[in-house]
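Trainee: The structure under discussion is supplied below as structure tokens; questions concerning it will follow.
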Amino acid sequence: MTDLSANAAIWFTADGYDPAKGLNGRRVAGESFLRGYFAHAQVDEFVSLAHRTADHAAFASLARANGVTKPLRAVRLDAPSELAPVDVVSYPAPPPQQEFFRRAPFGAAAWAYCGITHTTATRAVMQAVFDMRVAPQMPWDALICTSHAVQQSMTRLMELAEDHLATRFAGAVLPARPLLPVIPLGVHAGEFARDPAAGQALRSRLGIGPADIAVSCIARLTPDEKFDPFPLFLALEAAAPALAARGGRFHLVLCGVFRDQTWAPLFAEGAGQLMPSVGYHQLDGAVAAERKATLSGSDIFVFPIDNLQETFGLAPVEAMAAGLPVIVSDWDGMRDTVTPDVGFRIPTEMPRGGEATYISMRYLGGTDSYLQYLSQMSALTRIDVRAMARALETLATDPALRARMGAAGAARALALYDWSAVIPQIQALWGEQRAMLAHARRQGGVAVQRADAGRLPTGPAPDVMFDAYATRPAPDRATRRLRAVDIGARPDVAATVTLRRYTTLGRLIDEPARLQQVLDAHATAGPAGATLAEVAGRTGLTIAVVARITLWLAKYHFLEDAP
């Protein structure tokens, strides 16, 4: 029986829960959580904690709209002592430093905070985690990590903070870290049941025949914050002949929103040049009917994320709930959600230690914006194009496998990621926090050193903080050999740089001439390929520069590992 005392006051502001304020994953997940909480929480009342009367009214309106008949109670943020008997405050992000200080006058065990991770790559979140260890945070506070990769990166960030504080304040004893449980985001699985009529209507509208394979992706369509489409385009084109031999054709259906409309022609032009054998369709992801039709009319769902902004990946879980097999990058949350019985995870790699520190330093110092930071790291994050092509070919030519994986995905989404399964986990956490508080209440009562630029606690190098995201870092410099790929008629290096519009953000990984110089040095080495040191010797560039350039060239499949 669920303990009705395992409740929390919802720290409510529309910005955290209302997608109408701007469509993004954080607000979509927040709105979905509230609906799941209202539907499945075993509590005797629903409590809101907010700044303004309007926020309390908005919370009450959402509750009533979702069929809540239990009592609603509003607590003003400036009168937190009225929270009792509720002992936990649920915050829609990592709790900021001021929340812990706001609690201090009431006693450290007055209540517990329970935050949650969404995007973790911003300076603001990194600073918040550092500040959490400096602030009067206590061991009964919690920060829900939506995946094991995120848990590891949050742990790493706290370790870096603690190392800094122990060095700067010799002998300082830090309190225990907050709880860092892994609890996934949830979905309303039943809402994603396929609509065959809508799916067939979409296929007819887009000219997708019975023998054709519709490959879909529902996402925010931006290479800056979600995924670079070019590796996917290359993989689809590589897989196309196998399907053509069976009388079919691939169609890529991208259903999403271009927050920056300048990306729309880039996607279309890139598709036309990199996958001429594949049908290409863009649908408006802001229209619920289009999202439903996309999932209902597709054969395969893809989510090739290569971006630090992503932490969980709701879209593949929604596709699983719709009974679709999925192909995702082996990246952060998808490493938890996508198992071999429901789809394929495509290997990824990111820079080795020290090779991307300059990116984090530019972002930390304000030289580069958040979007530039994300875009530069995306440019150095490789998804294995050949492996993605093999996965597409395997699923496209095996309808029985698609059916098995789709059925397994639907069962997995319902059993593990429906809010009916997730809300009890959250309430169990709140119960644990309440027990820790009760125990605590019964108990009562620096030399300046040079810091490693890659291990600054509020802005560490990507390879330090996010090393759990990728399948592996780039292999060892001394032994890795890369060889040039025959690119045929597809765009060369300079044309790809232009097509991808890297200059839009004012930052390039390197000059196109040097990108080509490194590619030529690999090509000269022949089929056996060359090591980074050999290429550095031929070009006169440093090994660090060569390492970055080779990752970029491998990302777009100008280079591949030599056997």
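The values are calculated or read from the model by the stated rules, or taken from the named source; none is laboratory data. Only a predicted model underlies this, so the values are computations on that prediction, with no experimental measurement involved. Here the Cβ positions follow ideal geometry from the backbone for every residue, glycine too, while neighbour counts run over all protein chains shown.
Trainee: Regarding segment 239-257, can at least one residue be identified that is charged (D, E, K, R) and either modelled with pLDDT under 95 or outside any loop (DSSP other than H, G, I, E, B) (or both)? It would help to see each step written out before you state the result.
Mentor: Quick first cut of segment 239-257, residues charged (D, E, K, R) only: 246, 249.
Keeping just the survivors that are either modelled with pLDDT under 95 or outside any loop (DSSP other than H, G, I, E, B) (or both) gives none.
Within segment 239-257, not a single residue is charged (D, E, K, R) and either modelled with pLDDT under 95 or outside any loop (DSSP other than H, G, I, E, B) (or both).
Trainee: How do the strands (runs of 3 or more DSSP E) wholly within segment 299-398 filter down when requiring 3 or more residues that are touching a helix residue (DSSP H, G or I) at 6+ places or on another chain (Cβ under 7 Å): which remain? Reasoning before the result, please.
Mentor: On the way: elements: 300-303, 326-329, 343-346, 348-350.
The strands (runs of 3 or more DSSP E) meeting that bar are 300-303, 326-329, 343-346.
Trainee: Can I ask one more? Phe59 fails exactly one of the following numbered conditions: (1) farther than 30 Å from Ala219 by Cα; (2) surrounded by 13 or more Cβ atoms within 10 Å (Cβ to Cβ). What is the number of that condition?
Mentor: Going through the list (1) farther than 30 Å from Ala219 by Cα; (2) surrounded by 13 or more Cβ atoms within 10 Å (Cβ to Cβ), Phe59 breaks only (1).
Trainee: Taking segment 469-479, which residues are in contact with a helix residue (DSSP H, G or I) (Cβ under 8 Å, 6 or more places away or on another chain) and surrounded by fewer than 17 Cβ atoms within 10 Å (Cβ to Cβ)? Please lay out each step first, then the result.
Mentor: Let us first name the residues in segment 469-479 that are in contact with a helix residue (DSSP H, G or I) (Cβ under 8 Å, 6 or more places away or on another chain), namely 469, 473-474, 477-478.
Scanning segment 469-479 gives Pro473, Ala478.
Trainee: Here is a follow-up. Can you tell me which residue among Arg76, Arg103, Arg26 is among the basic types (Lys, Arg) and within 20 Å of Ile183 (Cβ to Cβ)? Don't jump to the end; show me each part of the working.
Mentor: Working: Arg76 fails: within 20 Å of Ile183 (Cβ to Cβ); Arg103 fails: within 20 Å of Ile183 (Cβ to Cβ).
Residue meeting the stated conditions: Arg26.
Trainee: With the requirement that a residue be more than 18 Å from His557 (Cβ to Cβ) and either of a type in the set (Ser, Thr, Tyr) or surrounded by 23 or more Cβ atoms within 10 Å (Cβ to Cβ) (or both), what does segment 235-251 give you?
Mentor: Residues of segment 235-251 more than 18 Å from His557 (Cβ to Cβ): 243-249, 251.
Residue satisfying the conditions is His251 alone.
Trainee: Select from segment 169-220 the residues that are hydroxyl-bearing (Ser, Thr, Tyr) and not in a helix (DSSP H, G or I) and list them in ascending order. If you could, list the steps in order and put the result at the bottom.
Mentor: Step one: filter segment 169-220 for residues hydroxyl-bearing (Ser, Thr, Tyr), giving 204, 216.
Matches in segment 169-220: Ser216 only.
Trainee: So, one more: Given the structure, is Ala495 more than 24 Å from the chain's Cα centre (by Cα), of a type outside the set (Phe, Trp, Tyr), surrounded by fewer than 17 Cβ atoms within 10 Å (Cβ to Cβ) and at pLDDT 90 or above?
Mentor: Values: more than 24 Å from the chain's Cα centre (by Cα): yes; of a type outside the set (Phe, Trp, Tyr): yes; surrounded by fewer than 17 Cβ atoms within 10 Å (Cβ to Cβ): yes; at pLDDT 90 or above: yes.
So Ala495 fits the description; yes.
Trainee: Please work out if Ala410 is modelled with pLDDT of 95 or more and either under 27 Å from Ala238 (Cβ atoms) or part of a helix (DSSP H, G or I) (or both).
Mentor: Yes: the conditions hold for Ala410.
Trainee: Next question. As an exercise: evaluate Gly431 against (1) small (Gly, Ala, Ser); (2) under 30 Å from the mean Cα position of the chain (by Cα); (3) at pLDDT below 90 and give the number of the one condition it does not meet.
Mentor: The one condition Gly431 does not meet is (3).
Trainee: If you don't mind, there's one more thing I want to ask. Closer than 30 Å to His148 by Cα, touching a Cys at 6+ places or on another chain (Cβ under 8 Å) and surrounded by 19 or more Cβ atoms within 10 Å (Cβ to Cβ) - does that describe any residue in segment 194-216?
Mentor: yes
Trainee: So, one more: Quick check on my filter: what residues within segment 387-419 are among the charged types (D, E, K, R) and surrounded by 16 or more Cβ atoms within 10 Å (Cβ to Cβ)? Reasoning before the result, please.
Mentor: Narrowing segment 387-419 to residues among the charged types (D, E, K, R): 390, 393, 398, 402, 404, 412, 418.
Passing the criteria: Arg390, Glu393, Arg402, Arg412, Asp418.
Trainee: Which of the residues belonging to segment 322-339 are under 19 Å from the mean Cα position of the chain (by Cα) and crowded, with 21+ Cβ neighbours inside 10 Å?
Mentor: Pass one, segment 322-339, residues under 19 Å from the mean Cα position of the chain (by Cα): 326-339.
Correct list: Val326, Ile327, Val328, Ser329, Asp330, Trp331, Asp332, Gly333, Met334, Arg335, Thr337, Val338.
Trainee: While we're on this one: Hey, any hits in segment 152-164 for a residue that's touching a strand residue (DSSP E or B) at 6+ places or on another chain (Cβ under 7 Å) and on the phi < 0 side of the Ramachandran plot? Talk me through it step by step, then tell me what you get.
Mentor: Of the residues in segment 152-164, the ones touching a strand residue (DSSP E or B) at 6+ places or on another chain (Cβ under 7 Å) are 154.
Now drop any that are not on the phi < 0 side of the Ramachandran plot, which leaves 154.
For segment 152-164, residues touching a strand residue (DSSP E or B) at 6+ places or on another chain (Cβ under 7 Å) and on the phi < 0 side of the Ramachandran plot: present.
Trainee: Kindly state which strands (runs of 3 or more DSSP E) lie completely within segment 71-148 and contain at least 1 residues that are assigned by TED's automatic domain parsing to the domain that holds Thr53, modelled with pLDDT under 95 and surrounded by fewer than 24 Cβ atoms within 10 Å (Cβ to Cβ).
Mentor: Details: elements: 72-76, 88-90, 112-116, 142-144.
Because the criterion is at least 1 residues that are assigned by TED's automatic domain parsing to the domain that holds Thr53, modelled with pLDDT under 95 and surrounded by fewer than 24 Cβ atoms within 10 Å (Cβ to Cβ), the strands (runs of 3 or more DSSP E) in segment 71-148 that meet it are 72-76.
Trainee: Scan segment 477-517 for residues that are of a type in the set (Lys, Arg) and under 23 Å from Leu541 (Cα atoms) and jot them down.
Mentor: Step one: of segment 477-517, the residues of a type in the set (Lys, Arg) are 477, 480-481, 483, 490, 500-501, 507, 514.
Result: Arg477, Arg480, Arg481, Arg483, Arg507, Arg514.
Trainee: So Leu232 ticks every box in (1) in a helix (DSSP H, G or I); (2) surrounded by fewer than 23 Cβ atoms within 10 Å (Cβ to Cβ) but one. Which box is left unticked?
Mentor: Leu232 satisfies all of (1) in a helix (DSSP H, G or I); (2) surrounded by fewer than 23 Cβ atoms within 10 Å (Cβ to Cβ) except (2).
Trainee: So which residues in segment 340-355 are surrounded by fewer than 23 Cβ atoms within 10 Å (Cβ to Cβ) and touching a Gly at 6+ places or on another chain (Cβ under 9 Å), if there are any at all?
Mentor: Once the filter is applied, which keeps residues that are surrounded by fewer than 23 Cβ atoms within 10 Å (Cβ to Cβ) and touching a Gly at 6+ places or on another chain (Cβ under 9 Å), segment 340-355 yields Asp341, Gly353, Gly354.
Trainee: Among (1) part of a loop (DSSP other than H, G, I, E, B); (2) surrounded by fewer than 23 Cβ atoms within 10 Å (Cβ to Cβ); (3) not aliphatic (A, V, I, L, M), where does Lys226 come up short?
Mentor: Here Lys226 meets the rest and fails (2).
Trainee: I've got another one for you. On the basis of being part of a helix (DSSP H, G or I) and in contact with an Asp or Glu (Cβ under 6 Å, 6 or more places away or on another chain), does Ala166 make the cut?
Mentor: It is false that Ala166 is part of a helix (DSSP H, G or I) and in contact with an Asp or Glu (Cβ under 6 Å, 6 or more places away or on another chain).
Trainee: Is there a residue being buried (at least 16 other Cβ atoms within 10 Å of the Cβ), over 23 Å from Arg362 (Cβ atoms) and either in contact with a helix residue (DSSP H, G or I) (Cβ under 6 Å, 6 or more places away or on another chain) or of a type outside the set (Ser, Thr, Tyr) (or both) anywhere in segment 503-516?
Mentor: Checked against the condition, which is being buried (at least 16 other Cβ atoms within 10 Å of the Cβ), over 23 Å from Arg362 (Cβ atoms) and either in contact with a helix residue (DSSP H, G or I) (Cβ under 6 Å, 6 or more places away or on another chain) or of a type outside the set (Ser, Thr, Tyr) (or both), segment 503-516 yields at least one hit.
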